[in-house]
1. Return yes or no: is Arg91 in a loop (DSSP other than H, G, I, E, B) and either closer than 21 Å to Val37 by Cβ or modelled with pLDDT under 95 (or both)?
2. List every residue pair whose Cβ atoms sit under 6 Å apart, with the two residues 6 or more apart in sequence or on different chains, where the first one lies in the stretch 232-260 and is touching a residue at least 12 places away in the same chain (Cβ under 8 Å) and the second, anywhere, is in a helix (DSSP H, G or I) and among the aromatic types (Phe, Trp, Tyr).
3. Filtering the stretch 208-224 down to residues that are of a type in the set (A, V, I, L, M, F, W, C) and more than 21 Å from Pro9 (Cα to Cα), which residue is surrounded by the fewest Cβ atoms within 10 Å (Cβ to Cβ)?
4. Output yes when any residue across the stretch 90-107 is surrounded by fewer than 16 Cβ atoms within 10 Å (Cβ to Cβ), farther than 30 Å from Arg167 by Cβ and of a type in the set (A, V, I, L, M, F, W, C), and no when none is.
5. Which residue out of Ala219, Ala223, Ala229, Ala264 is within 25 Å of Pro46 (Cα to Cα) and without any contact (Cβ under 8 Å) to a residue 60 or more places away in the chain?
6. Scan the stretch 149-180 residue by residue and report those that are closer than 20 Å to Ile218 by Cβ, crowded, with 20+ Cβ neighbours inside 10 Å and either of a type outside the set (Gly, Ala, Ser) or more than 24 Å from the chain's Cα centre (by Cα) (or both).
7. Any residue in the stretch 87-103 that is among the polar types (S, T, N, Q) and more than 23 Å from Ala185 (Cβ to Cβ)?
8. Only one of (1) under 21 Å from Gly64 (Cα atoms); (2) without any contact (Cβ under 8 Å) to a residue 60 or more places away in the chain is not met by Tyr158, so which one is it?
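The values are calculated or read from the model by the stated rules, or taken from the named source; none is laboratory data. Just so it is clear, the structure is predicted and the values come from calculations on it, not from any experiment. A quick note on method: Cβ atoms are made from the backbone with ideal geometry, for glycine too, and the neighbour counts reach across all protein chains shown.
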Amino acid sequence: MSATGAGRPLLEVTDLKKYFPIRRGVFSRISGWVRAVDGVSLRIAPGETLALVGESGSGKTTTGRCILRLLEPTSGRVVFDGTDLLSLPARAMRRMRRQIQVVFQDPYGSLNPRMRVGTIVREPFDIHRIGANRRERDEMVAALLRRVGLDPGMRDRYPHEFSGGQRQRIGVARALALRPRLIVADEPVSSLDVSVQAQVINLFIDLQEEFRIAYLFIAHDLAVVERIADRVAVMYLGQIVEVAARGEIFRNPLHPYTRALLQAIPIPDPARARERQVLRGDPPSPAQPPPGCRFHTRCPSAVEACPRIEPPLLEVTPGHWVACHLHPGPEVGR
């Protein structure tokens, strides 16, 4: 699946799977598998933002953690700038982490409460031995804090002395320290107030323009995605069901699940109220996904083939990929 723009991708993920064992009984025997990620393929170009969206439990965060190798995938390939990350030994992967960083969802839980902020931001420099001495590293920390909109004089404070938005800026500064080429941002603004969300999103955009960083931006809020993404990949129950440019997704969503997500975005103006498509039921368990199209149990547009045949992800128009029997690809439609 070639769901990106032209040119060599910075990150290419192919048929990524992550299954978690279900253990039962006295001897903890494996009785089944939770298919958290089940055949995900995606590409990200240098300097591009790919948003990975879907409701809770769709497998977005697990996908991001497998790419970072915070979780070891069950199978698949993760190639970063021509290097297969899954084949790297621990020491080589540690060196590669200079180029791939992460911003976590919880800005407080991801910071060590016993460390001062200056030490937290300086830690990447210490680990990778960047800078000639402690003084030079402290100067680099001060420059980073200024770049993310924080006063360097606050570096002797502890994380609990900052607001949620300020803590997330600290997390961004730490991720930015090694000048990475890719940042995996896992729901980085979901725990922040709306006004603070806008400030942090603007910071991400400014940093991308300045340093040409690529983002895998994991989110469930499509209103946030519309502001930052170049392309959007929609994920449901461990699989990607639609990929397209941001404008195309918002203007012409093809998969019924994507349409339902877009219709769930709140509209503050009552005069612009629209008819909403309410999905029936809850998402099935990833331990027992339904046969055929995984969305057919909730889909208002399901056809006869949906419960029997799993639709492949096909390019129906240039750059617009969808896995749906209602939209067969050009080679199927002929």
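1. Working: in a loop (DSSP other than H, G, I, E, B): no; either closer than 21 Å to Val37 by Cβ or modelled with pLDDT under 95 (or both): yes.
For Arg91, the condition - in a loop (DSSP other than H, G, I, E, B) and either closer than 21 Å to Val37 by Cβ or modelled with pLDDT under 95 (or both) - is not met.
2. Every condition considered, the pairs that remain are Tyr236/Tyr257; Val241/Tyr257.
3. Filtering the stretch 208-224 for residues of a type in the set (A, V, I, L, M, F, W, C) gives 211, 213-214, 216-219, 222-224.
Filter again for more than 21 Å from Pro9 (Cα to Cα), leaving 219, 222-224.
On the way: Ala219: 23, Leu222: 21, Ala223: 14, Val224: 22.
Ranking the qualifying residues of the stretch 208-224, first place goes to Ala223.
4. Yes - at least one qualifying residue is present in the stretch 90-107.
5. Numbers: Ala219 fails: without any contact (Cβ under 8 Å) to a residue 60 or more places away in the chain; Ala229 fails: without any contact (Cβ under 8 Å) to a residue 60 or more places away in the chain; Ala264 fails: within 25 Å of Pro46 (Cα to Cα).
On inspection, the qualifying residue turns out to be Ala223.
6. Correct list: Arg167, Gln168, Arg169, Ile170, Val172, Arg174, Leu176.
7. Here is the first cut: in the stretch 87-103, the ones among the polar types (S, T, N, Q) are 87, 99, 101.
With the extra rule that they be more than 23 Å from Ala185 (Cβ to Cβ), the set shrinks to 87.
The answer is yes, given that some residue of the stretch 87-103 is among the polar types (S, T, N, Q) and more than 23 Å from Ala185 (Cβ to Cβ).
8. The one condition Tyr158 does not meet is (1).
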